[in-house]
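Please read the structure below before turning to the comments.
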Amino acid sequence: MDLEGAEATQAWAARLASVLRAGDVLILTGELGAGKTTFTQGLGAGLGVREGIISPTFVISRIHPSLVERSDGTGGSDGSGGSDRGGPDLVHVDAYRLGSVGELSDLDLDATVDRSVTVVEWGRGLAESLAGWPDDPDASWLDIELIRATGSGEPGDAGTRADAEAGTIITDFSDEDGTGADETRTAVVLGYGPRWAEVELPAEPSCSPPSPF
């Protein structure tokens, strides 16, 4: 699927948000300018969280509370009281400066992962632990790599390569955190674990559960 510009990128991410639920972990990879923050903004819009998503580079992680009301009409309006909200929060993490799973654990993300959708930029090889890998046989996560058409890398250059046998969806789109707003990008989405075995993601086939790494 071809998507042109940041608006289309955000729309695609918002559609992806429709199949997400609390506890889902997304590992987001892509070189500078690949559109990671733009993607996350669309995801946040689709989830119905508080606006203002920017790169978490300097604070490492940000929590964007859900504004979705519960089915009984309560919760969500003031963005407080996680258990009272009708939708998951969005936790946005930048792991670029983190060197180990231990440093990631120090952020205490385990305290929010069950009630949130957690997006970890540059998290490949680290953030799988948030989903319970390798101890939990049901550990599941999405690995999403954004590739610029004019970039220098091939899929997988930005961090440890995800398992080539994972279910793969390829979506061409353009976007941006900076220049080149209209250049084409490719999103490669790899679904790990039983959570994604039966889920049909926006654009083409569903993911299948591989053996991690």
(message) Restricting to region 113-125, count the residues that are part of a loop (DSSP other than H, G, I, E, B) and either within 20 Å of L16 (Cα to Cα) or touching an Asp or Glu at 6+ places or on another chain (Cβ under 8 Å) (or both).
(response) 3
(message) Quick test for you: out of G167, G132, G159, pick the one residue that is at pLDDT 90 or above, surrounded by 14 or more Cβ atoms within 10 Å (Cβ to Cβ) and over 15 Å from the mean Cα position of the chain (by Cα).
(response) G132
(request) Scan region 58-106 for residues that are touching a Phe, Trp or Tyr at 6+ places or on another chain (Cβ under 6 Å) and either at pLDDT 90 or above or among the hydrophobic types (A, V, I, L, M, F, W, C) (or both) and jot them down. (result) A95
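The values are calculated or read from the model by the stated rules, or taken from the named source; none is laboratory data. From a predicted model like this one, the values you see are computed outputs, not experimental measurements. No Cβ is skipped: glycine too gets one built from the backbone with ideal geometry, and neighbour counts run over all protein chains shown.
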